[in-house]
1. Karplus couplings for the range 128-144 from phi (6.51 cos²θ - 1.76 cosθ + 1.60, θ = phi - 60°), rounded to Hz, Gly and Pro as x?
2. Quote the FRET efficiency, to the nearest 0.05, computed for TYR343 versus GLN423 with a Förster distance R0 of 30 Å and r equal to the Cβ-Cβ distance.
3. Using 0.36 nm per residue of separation minus the Cα-Cα distance, give me the extension gain between THR359 and ARG431 in nm, one decimal.
4. Once you put a point 7 Å from the Cα of ASN114 and another 7 Å from the Cα of LYS336, both along the Cβ direction, what distance in nm separates them?
5. Past the 25 Å Cα-Cα mark, which pairs from LYS342/LYS425; LYS87/LYS132; LYS104/LYS267; LYS132/LYS285; LYS230/LYS267?
6. In the range 186-258, if the dipole is taken from +1 on Lys/Arg beta carbons and -1 on Asp/Glu beta carbons about the Cα centre, which of LEU229, PHE241, VAL199 is farthest to the positive end?
7. Which lysines, on any chain, are close to LYS231 with Cα under 19 Å apart, when same-chain ones fewer than 8 places away are left out?
8. Enter the accessible area of SER116 (Å², nearest 10), with the probe set to 1.4 Å and all protein chains included.
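The values are calculated or read from the model by the stated rules, or taken from the named source; none is laboratory data. Everything quoted here is computed from the prediction, not taken from an experiment. Ideal geometry is used to build each Cβ from the backbone, glycine not excepted, and the neighbour counts take in all protein chains shown. For the accessible areas, the whole protein counts, side chains as well, though only heavy atoms, and no ligand, DNA or RNA atoms are used. Shrake-Rupley method; radii C 1.70, N 1.55, O 1.52, S 1.80 Å.
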Amino acid sequence: MAMVTSSVHATVFARASFFCQSNVLRSFRSCLPFSSSAASVSTHNLSKKKWRQPVLSVLDFGGVKISREDVVRDDPTNNVPDNIFSKLGVQLHRRDQHPLGTLKNAIYEYFDTNYSNKFEKFDDLCPIVSVKENFDDVLVPEDHVSRSYNDTYYVDPQTVLRCHTSAHQAKLLRSGYTHFLVTGDVYRRDSIDSTHYPVFHQMEGFRVFSPEDWEASGMDATLFAATDLKKCLEGLASHLFGAVEMRWVDTYFPFTNPSFELEIYFKENWLEVLGCGVTEQEILKRNGKPNSVAWAFGLGLERLAMVLFDIPDIRLFWSNDERFTSQFSSGELGVKFKPFSKYPPCYKDMSFWLSEAFTENNLCEVVRGIAGDLVEEVQLIDNFTNKKGMTSHCYRIAYRSMERSLTDEEINDLQWKVREQVQNKLNVVLR
(Lines give C-alpha, C1' and ligand atoms only; values in the text may rest on other atoms or scores of the structure.)
Protein backbone atom coordinates (compact mmCIF):
# COMPACT_ATOMS: atom_id res chain seq x y z
CA MET A 1 0.00 0.00 0.00
CA ALA A 2 1.43 3.32 -1.03
CA MET A 3 2.21 5.06 2.20
CA VAL A 4 4.88 7.56 1.26
CA THR A 5 4.43 10.65 3.39
CA SER A 6 6.36 13.31 1.52
CA SER A 7 3.17 14.92 0.20
CA VAL A 8 0.02 16.49 1.62
CA HIS A 9 -1.73 13.20 0.88
CA ALA A 10 -1.89 10.83 3.82
CA THR A 11 -0.49 8.49 1.33
CA VAL A 12 -2.96 6.73 1.04
CA PHE A 13 -2.53 -2.65 -9.00
CA ALA A 14 -3.33 -8.61 -14.58
CA ARG A 15 -1.11 -8.72 -16.55
CA ALA A 16 -2.05 -7.63 -20.08
CA SER A 17 -5.68 -6.95 -20.80
CA PHE A 18 -7.16 -8.97 -17.92
CA PHE A 19 -6.28 -6.39 -15.28
CA CYS A 20 -6.51 -3.23 -17.34
CA GLN A 21 -9.92 -3.51 -18.88
CA SER A 22 -11.75 -0.40 -17.78
CA ASN A 23 -15.05 1.31 -18.35
CA VAL A 24 -14.14 4.47 -16.54
CA LEU A 25 -13.15 6.08 -19.85
CA ARG A 26 -15.39 4.99 -22.70
CA SER A 27 -12.93 6.13 -25.30
CA PHE A 28 -10.26 3.83 -23.90
CA ARG A 29 -12.22 0.66 -24.70
CA SER A 30 -9.68 -1.73 -23.10
CA CYS A 31 -6.93 0.13 -21.32
CA LEU A 32 -3.99 -2.19 -21.85
CA PRO A 33 -0.74 -1.77 -19.95
CA PHE A 34 1.50 0.95 -21.25
CA SER A 35 4.26 0.02 -23.63
CA SER A 36 7.69 0.63 -22.20
CA SER A 37 8.68 1.98 -25.60
CA ALA A 38 6.16 4.82 -25.47
CA ALA A 39 7.74 8.02 -26.71
CA SER A 40 9.05 10.50 -24.23
CA VAL A 41 9.74 14.17 -24.77
CA SER A 42 13.41 15.03 -25.20
CA THR A 43 14.65 17.46 -22.57
CA HIS A 44 17.27 18.63 -25.08
CA ASN A 45 14.51 19.70 -27.44
CA LEU A 46 12.62 21.33 -24.59
CA SER A 47 15.47 23.74 -24.12
CA LYS A 48 14.71 25.25 -27.52
CA LYS A 49 11.07 25.98 -26.65
CA LYS A 50 10.07 29.19 -24.98
CA TRP A 51 6.63 28.44 -23.62
CA ARG A 52 5.45 24.86 -23.64
CA GLN A 53 6.89 21.44 -24.16
CA PRO A 54 5.63 19.58 -27.23
CA VAL A 55 2.79 17.14 -26.62
CA LEU A 56 2.08 14.08 -28.74
CA SER A 57 -1.52 14.17 -29.92
CA VAL A 58 -1.96 10.38 -29.89
CA LEU A 59 -0.28 7.76 -27.71
CA ASP A 60 -0.20 4.03 -28.45
CA PHE A 61 -0.55 1.89 -25.34
CA GLY A 62 -0.44 -1.80 -26.08
CA GLY A 63 -2.12 -1.27 -29.45
CA VAL A 64 -4.85 1.01 -28.08
CA LYS A 65 -4.80 4.54 -29.45
CA ILE A 66 -5.39 7.19 -26.80
CA SER A 67 -5.65 10.76 -27.92
CA ARG A 68 -4.84 13.86 -25.99
CA GLU A 69 -8.55 14.69 -26.00
CA ASP A 70 -9.26 11.49 -24.03
CA VAL A 71 -7.23 12.80 -21.10
CA VAL A 72 -6.93 16.58 -21.47
CA ARG A 73 -10.31 18.24 -21.90
CA ASP A 74 -11.67 21.76 -21.91
CA ASP A 75 -14.08 20.92 -19.14
CA PRO A 76 -14.37 22.31 -15.59
CA THR A 77 -14.26 18.75 -14.20
CA ASN A 78 -10.90 18.08 -15.88
CA ASN A 79 -7.65 19.49 -14.50
CA VAL A 80 -5.03 17.43 -16.42
CA PRO A 81 -2.65 19.79 -18.28
CA ASP A 82 -0.56 19.00 -21.35
CA ASN A 83 2.67 18.80 -19.40
CA ILE A 84 1.20 15.96 -17.31
CA PHE A 85 -0.29 14.16 -20.32
CA SER A 86 3.18 14.16 -21.90
CA LYS A 87 4.48 12.01 -19.03
CA LEU A 88 1.95 9.20 -19.56
CA GLY A 89 3.67 6.11 -20.90
CA VAL A 90 7.24 7.27 -20.26
CA GLN A 91 7.69 4.73 -17.42
CA LEU A 92 11.13 5.59 -16.12
CA HIS A 93 10.90 2.68 -13.67
CA ARG A 94 11.02 0.19 -16.57
CA ARG A 95 14.38 1.45 -17.87
CA ASP A 96 17.04 -0.86 -16.45
CA GLN A 97 19.88 1.66 -16.84
CA HIS A 98 17.93 4.47 -15.18
CA PRO A 99 18.45 5.00 -11.43
CA LEU A 100 14.76 4.27 -10.77
CA GLY A 101 14.90 1.05 -12.78
CA THR A 102 18.09 0.02 -11.01
CA LEU A 103 16.50 0.61 -7.61
CA LYS A 104 13.33 -1.27 -8.58
CA ASN A 105 15.42 -4.25 -9.74
CA ALA A 106 17.47 -4.22 -6.52
CA ILE A 107 14.25 -4.48 -4.51
CA TYR A 108 13.06 -7.29 -6.81
CA GLU A 109 16.36 -9.09 -6.16
CA TYR A 110 15.81 -8.90 -2.41
CA PHE A 111 12.31 -10.39 -2.60
CA ASP A 112 13.30 -13.07 -5.13
CA THR A 113 16.24 -14.15 -2.97
CA ASN A 114 14.43 -14.15 0.37
CA TYR A 115 10.97 -15.33 -0.71
CA SER A 116 11.79 -17.87 -3.45
CA ASN A 117 10.09 -15.87 -6.21
CA LYS A 118 6.82 -15.93 -4.26
CA PHE A 119 5.98 -12.30 -5.01
CA GLU A 120 4.27 -11.50 -8.32
CA LYS A 121 5.58 -8.30 -9.91
CA PHE A 122 3.53 -5.72 -11.79
CA ASP A 123 5.10 -2.61 -13.28
CA ASP A 124 2.95 -1.86 -16.33
CA LEU A 125 -0.55 -1.29 -14.96
CA CYS A 126 -2.61 1.54 -16.42
CA PRO A 127 -2.37 4.77 -14.37
CA ILE A 128 -5.86 5.94 -15.36
CA VAL A 129 -8.15 4.55 -12.67
CA SER A 130 -11.57 5.14 -11.16
CA VAL A 131 -12.19 7.25 -8.08
CA LYS A 132 -13.42 4.06 -6.41
CA GLU A 133 -10.13 2.26 -7.09
CA ASN A 134 -7.99 5.21 -6.07
CA PHE A 135 -9.82 6.20 -2.90
CA ASP A 136 -12.82 4.09 -1.85
CA ASP A 137 -11.14 0.68 -2.18
CA VAL A 138 -8.38 1.72 0.23
CA LEU A 139 -10.73 3.39 2.74
CA VAL A 140 -9.73 7.00 2.10
CA PRO A 141 -12.45 9.06 3.84
CA GLU A 142 -14.94 10.99 1.71
CA ASP A 143 -13.75 14.30 3.15
CA HIS A 144 -10.03 13.57 2.89
CA VAL A 145 -7.95 16.38 1.39
CA SER A 146 -6.37 14.04 -1.15
CA ARG A 147 -9.71 13.72 -2.98
CA SER A 148 -9.84 17.43 -3.83
CA TYR A 149 -9.22 18.90 -7.28
CA ASN A 150 -6.45 20.88 -5.62
CA ASP A 151 -4.47 17.70 -4.93
CA THR A 152 -5.50 15.13 -7.56
CA TYR A 153 -5.61 15.12 -11.38
CA TYR A 154 -9.18 14.38 -12.49
CA VAL A 155 -10.00 13.26 -16.05
CA ASP A 156 -13.69 13.48 -15.15
CA PRO A 157 -15.61 13.27 -11.84
CA GLN A 158 -15.24 9.47 -11.69
CA THR A 159 -11.77 9.05 -13.22
CA VAL A 160 -8.32 10.15 -12.04
CA LEU A 161 -4.65 9.69 -12.69
CA ARG A 162 -3.69 7.38 -9.84
CA CYS A 163 -2.25 9.08 -6.77
CA HIS A 164 -0.65 5.87 -5.55
CA THR A 165 -0.06 2.29 -6.65
CA SER A 166 -2.57 1.15 -4.03
CA ALA A 167 -5.23 1.89 -6.64
CA HIS A 168 -4.67 -1.64 -8.03
CA GLN A 169 -4.68 -3.46 -4.72
CA ALA A 170 -8.35 -4.49 -4.55
CA LYS A 171 -8.43 -5.83 -8.12
CA LEU A 172 -5.33 -7.95 -7.53
CA LEU A 173 -6.76 -9.35 -4.31
CA ARG A 174 -10.06 -10.24 -5.99
CA SER A 175 -8.07 -11.92 -8.77
CA GLY A 176 -6.46 -14.27 -6.28
CA TYR A 177 -3.02 -12.75 -5.77
CA THR A 178 -1.66 -12.97 -2.22
CA HIS A 179 1.95 -11.82 -2.62
CA PHE A 180 2.67 -8.93 -4.99
CA LEU A 181 4.81 -5.90 -5.73
CA VAL A 182 3.31 -3.08 -7.78
CA THR A 183 5.52 -0.34 -9.26
CA GLY A 184 4.34 2.59 -11.31
CA ASP A 185 4.19 6.29 -12.06
CA VAL A 186 1.80 8.25 -9.84
CA TYR A 187 0.42 11.75 -10.20
CA ARG A 188 -0.23 14.54 -7.70
CA ARG A 189 -0.61 18.28 -7.88
CA ASP A 190 2.14 19.54 -5.61
CA SER A 191 4.55 22.30 -4.76
CA ILE A 192 7.68 23.12 -6.78
CA ASP A 193 11.10 22.49 -5.26
CA SER A 194 14.03 20.10 -5.57
CA THR A 195 12.21 17.15 -3.96
CA HIS A 196 8.65 17.52 -5.34
CA TYR A 197 7.40 16.80 -8.87
CA PRO A 198 3.83 16.16 -10.09
CA VAL A 199 4.83 12.74 -11.45
CA PHE A 200 6.87 10.32 -9.42
CA HIS A 201 7.17 6.57 -8.88
CA GLN A 202 6.07 4.25 -6.09
CA MET A 203 6.33 0.60 -5.17
CA GLU A 204 3.75 -1.18 -3.05
CA GLY A 205 4.30 -4.57 -1.45
CA PHE A 206 1.46 -6.78 -0.18
CA ARG A 207 1.42 -10.16 1.57
CA VAL A 208 -1.62 -12.19 2.70
CA PHE A 209 -1.52 -14.84 5.43
CA SER A 210 -4.07 -17.61 6.07
CA PRO A 211 -4.90 -18.95 9.58
CA GLU A 212 -2.52 -21.90 9.26
CA ASP A 213 0.34 -19.44 8.83
CA TRP A 214 0.00 -17.85 12.25
CA GLU A 215 -1.82 -20.42 14.43
CA ALA A 216 1.34 -22.45 15.12
CA SER A 217 3.27 -19.34 16.14
CA GLY A 218 1.42 -18.71 19.38
CA MET A 219 0.80 -15.08 18.30
CA ASP A 220 -2.45 -13.51 17.31
CA ALA A 221 -2.91 -12.71 13.62
CA THR A 222 -2.14 -8.99 13.86
CA LEU A 223 1.03 -9.43 15.90
CA PHE A 224 2.19 -12.22 13.58
CA ALA A 225 1.73 -10.05 10.49
CA ALA A 226 3.38 -7.01 12.09
CA THR A 227 6.38 -9.08 13.20
CA ASP A 228 6.82 -10.61 9.73
CA LEU A 229 6.44 -7.17 8.12
CA LYS A 230 9.14 -5.57 10.24
CA LYS A 231 11.56 -8.45 9.67
CA CYS A 232 11.00 -8.22 5.91
CA LEU A 233 11.50 -4.46 5.71
CA GLU A 234 14.51 -4.35 8.00
CA GLY A 235 16.11 -6.87 5.64
CA LEU A 236 15.20 -4.71 2.65
CA ALA A 237 16.71 -1.60 4.23
CA SER A 238 19.94 -3.49 4.93
CA HIS A 239 19.97 -4.78 1.35
CA LEU A 240 19.75 -1.23 -0.02
CA PHE A 241 21.73 0.80 2.51
CA GLY A 242 24.04 -1.68 4.22
CA ALA A 243 24.51 -1.99 7.97
CA VAL A 244 22.58 1.02 9.28
CA GLU A 245 20.80 1.85 12.51
CA MET A 246 17.00 1.60 12.20
CA ARG A 247 13.99 2.64 14.20
CA TRP A 248 10.21 2.17 13.94
CA VAL A 249 7.82 5.06 14.40
CA ASP A 250 4.10 4.57 15.05
CA THR A 251 1.92 6.56 12.65
CA TYR A 252 -1.55 6.62 11.06
CA PHE A 253 -2.79 5.54 7.63
CA PRO A 254 -6.47 5.00 6.75
CA PHE A 255 -5.82 1.55 5.33
CA THR A 256 -3.58 -0.10 7.95
CA ASN A 257 -3.76 -0.66 11.71
CA PRO A 258 -1.30 -0.69 13.32
CA SER A 259 0.76 1.55 11.04
CA PHE A 260 4.49 2.27 11.06
CA GLU A 261 7.23 4.26 9.38
CA LEU A 262 10.75 2.83 9.07
CA GLU A 263 13.60 5.27 9.53
CA ILE A 264 17.33 4.66 9.10
CA TYR A 265 20.29 6.65 10.37
CA PHE A 266 22.13 7.53 7.19
CA LYS A 267 24.77 10.19 6.60
CA GLU A 268 24.26 11.56 10.11
CA ASN A 269 20.51 12.05 9.66
CA TRP A 270 17.38 10.03 10.34
CA LEU A 271 15.79 9.25 6.96
CA GLU A 272 12.23 8.02 6.51
CA VAL A 273 12.43 5.04 4.16
CA LEU A 274 8.83 3.87 3.84
CA GLY A 275 5.40 3.57 5.42
CA CYS A 276 3.71 0.26 6.19
CA GLY A 277 1.27 -1.57 8.41
CA VAL A 278 -1.16 -4.43 8.96
CA THR A 279 -3.97 -4.12 6.41
CA GLU A 280 -7.36 -3.04 7.70
CA GLN A 281 -9.60 -6.11 7.92
CA GLU A 282 -12.36 -4.33 6.00
CA ILE A 283 -10.19 -4.30 2.85
CA LEU A 284 -9.66 -8.05 3.06
CA LYS A 285 -13.35 -8.71 3.73
CA ARG A 286 -14.43 -6.63 0.75
CA ASN A 287 -12.07 -8.58 -1.52
CA GLY A 288 -12.93 -12.15 -0.58
CA LYS A 289 -10.42 -12.83 2.19
CA PRO A 290 -12.38 -12.41 5.46
CA ASN A 291 -10.38 -15.01 7.39
CA SER A 292 -6.96 -13.73 6.37
CA VAL A 293 -4.56 -11.11 7.65
CA ALA A 294 -2.13 -9.10 5.53
CA TRP A 295 0.60 -6.51 5.56
CA ALA A 296 1.41 -3.77 3.10
CA PHE A 297 4.20 -1.25 2.55
CA GLY A 298 4.76 1.65 0.19
CA LEU A 299 7.90 3.52 -0.78
CA GLY A 300 8.81 6.34 -3.14
CA LEU A 301 11.53 5.39 -5.62
CA GLU A 302 12.73 8.95 -6.21
CA ARG A 303 13.04 9.62 -2.49
CA LEU A 304 15.36 6.66 -1.99
CA ALA A 305 17.21 7.06 -5.30
CA MET A 306 18.08 10.69 -4.52
CA VAL A 307 19.82 9.46 -1.37
CA LEU A 308 21.45 6.34 -2.82
CA PHE A 309 22.75 8.06 -5.99
CA ASP A 310 23.35 11.56 -4.55
CA ILE A 311 20.94 13.14 -7.05
CA PRO A 312 20.21 16.68 -5.81
CA ASP A 313 17.16 17.64 -7.92
CA ILE A 314 14.15 15.47 -8.72
CA ARG A 315 13.91 17.02 -12.21
CA LEU A 316 17.11 15.21 -13.17
CA PHE A 317 15.30 11.86 -13.29
CA TRP A 318 13.48 13.13 -16.38
CA SER A 319 16.61 14.37 -18.14
CA ASN A 320 17.69 12.84 -21.46
CA ASP A 321 21.02 14.68 -21.31
CA GLU A 322 23.82 12.15 -21.90
CA ARG A 323 25.85 13.81 -19.18
CA PHE A 324 23.22 12.44 -16.79
CA THR A 325 22.12 9.19 -18.41
CA SER A 326 25.68 7.99 -19.18
CA GLN A 327 26.59 7.99 -15.50
CA PHE A 328 24.34 5.02 -14.68
CA SER A 329 24.37 1.36 -15.70
CA SER A 330 22.03 -1.55 -15.12
CA GLY A 331 22.59 -3.27 -11.78
CA GLU A 332 24.91 -0.63 -10.34
CA LEU A 333 23.09 0.52 -7.21
CA GLY A 334 24.44 3.59 -5.46
CA VAL A 335 26.72 5.01 -8.17
CA LYS A 336 27.26 8.61 -7.07
CA PHE A 337 26.03 11.26 -9.47
CA LYS A 338 28.65 13.75 -10.61
CA PRO A 339 27.08 17.18 -11.17
CA PHE A 340 27.63 18.60 -14.65
CA SER A 341 25.63 21.80 -14.40
CA LYS A 342 26.64 24.92 -12.53
CA TYR A 343 24.31 27.22 -14.40
CA PRO A 344 23.07 30.07 -12.22
CA PRO A 345 19.42 30.48 -11.20
CA CYS A 346 17.40 33.53 -12.17
CA TYR A 347 14.94 34.82 -9.58
CA LYS A 348 11.71 36.66 -10.34
CA ASP A 349 9.28 37.92 -7.69
CA MET A 350 5.53 38.26 -8.12
CA SER A 351 3.06 39.82 -5.66
CA PHE A 352 -0.72 39.73 -5.81
CA TRP A 353 -3.88 40.09 -3.74
CA LEU A 354 -5.45 36.69 -3.11
CA SER A 355 -8.89 35.57 -4.21
CA GLU A 356 -10.96 33.32 -1.95
CA ALA A 357 -10.35 30.32 -4.21
CA PHE A 358 -6.56 30.74 -4.43
CA THR A 359 -4.35 27.76 -3.58
CA GLU A 360 -0.61 27.39 -3.88
CA ASN A 361 -0.98 24.13 -5.82
CA ASN A 362 -2.99 25.97 -8.47
CA LEU A 363 -0.24 28.59 -8.69
CA CYS A 364 2.39 25.89 -9.16
CA GLU A 365 0.30 24.23 -11.89
CA VAL A 366 0.17 27.50 -13.82
CA VAL A 367 3.91 28.08 -13.48
CA ARG A 368 4.76 24.48 -14.47
CA GLY A 369 2.41 24.65 -17.42
CA ILE A 370 4.35 27.59 -18.83
CA ALA A 371 7.94 27.03 -17.73
CA GLY A 372 8.00 23.22 -17.50
CA ASP A 373 11.22 21.89 -16.02
CA LEU A 374 12.89 25.29 -16.30
CA VAL A 375 11.25 26.26 -13.00
CA GLU A 376 13.27 25.08 -10.03
CA GLU A 377 11.30 26.43 -7.11
CA VAL A 378 8.28 28.54 -6.19
CA GLN A 379 8.59 29.92 -2.67
CA LEU A 380 6.36 32.16 -0.59
CA ILE A 381 8.65 34.89 0.74
CA ASP A 382 6.18 37.40 2.16
CA ASN A 383 2.53 37.77 3.09
CA PHE A 384 0.44 40.34 4.90
CA THR A 385 -3.18 41.34 5.44
CA ASN A 386 -4.20 45.00 5.22
CA LYS A 387 -6.78 46.87 7.28
CA LYS A 388 -9.51 45.98 4.77
CA GLY A 389 -8.84 42.28 5.33
CA MET A 390 -7.21 41.75 1.94
CA THR A 391 -4.27 39.32 1.93
CA SER A 392 -1.23 39.68 -0.29
CA HIS A 393 1.35 37.01 -1.11
CA CYS A 394 4.76 37.50 -2.67
CA TYR A 395 6.27 34.47 -4.38
CA ARG A 396 9.84 34.09 -5.59
CA ILE A 397 10.19 31.95 -8.71
CA ALA A 398 13.59 30.40 -9.39
CA TYR A 399 14.28 29.55 -13.02
CA ARG A 400 17.24 27.33 -13.83
CA SER A 401 18.01 24.84 -16.57
CA MET A 402 20.07 21.83 -15.57
CA GLU A 403 21.59 21.69 -19.06
CA ARG A 404 22.32 25.23 -20.29
CA SER A 405 22.37 28.91 -19.41
CA LEU A 406 19.06 30.72 -19.75
CA THR A 407 18.98 34.11 -21.42
CA ASP A 408 17.46 37.21 -19.87
CA GLU A 409 15.10 37.46 -22.81
CA GLU A 410 13.57 34.01 -22.39
CA ILE A 411 13.29 34.37 -18.61
CA ASN A 412 11.52 37.70 -19.01
CA ASP A 413 9.20 36.14 -21.61
CA LEU A 414 8.41 33.28 -19.25
CA GLN A 415 7.75 35.59 -16.34
CA TRP A 416 5.39 37.83 -18.31
CA LYS A 417 3.50 34.76 -19.48
CA VAL A 418 3.29 33.51 -15.88
CA ARG A 419 2.00 36.86 -14.65
CA GLU A 420 -0.66 36.97 -17.36
CA GLN A 421 -1.88 33.42 -16.71
CA VAL A 422 -1.81 33.76 -12.92
CA GLN A 423 -4.03 36.81 -13.15
CA ASN A 424 -6.43 35.28 -15.67
CA LYS A 425 -6.70 31.73 -14.33
CA LEU A 426 -6.43 32.31 -10.59
CA ASN A 427 -8.51 35.48 -10.40
CA VAL A 428 -5.92 37.36 -8.36
CA VAL A 429 -4.95 41.02 -8.61
CA LEU A 430 -1.30 41.63 -9.39
CA ARG A 431 0.52 44.29 -7.42
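1. 9, 10, 7, 4, 4, 5, 6, 10, 4, 5, 10, 6, 6, x, 4, 9, 5
2. Numbers: r = 29 Å, r/R0 = 0.98.
Between TYR343 and GLN423 the formula returns 0.55.
3. Working: separation 72, 0.36 × 72 = 25.92 nm, distance 1.77 nm.
Here the segment from THR359 to ARG431 would lengthen by 24.2 nm.
4. The two pseudo-label positions are separated by 2.7 nm.
5. Values: LYS342/LYS425 34 Å; LYS87/LYS132 23 Å; LYS104/LYS267 22 Å; LYS132/LYS285 16 Å; LYS230/LYS267 22 Å.
Too far apart for the 25 Å limit: LYS342/LYS425.
6. Working it through, the farthest residue towards the positive pole turns out to be VAL199.
7. LYS118
8. Surface accessible to solvent at SER116 totals approximately 100 Å².
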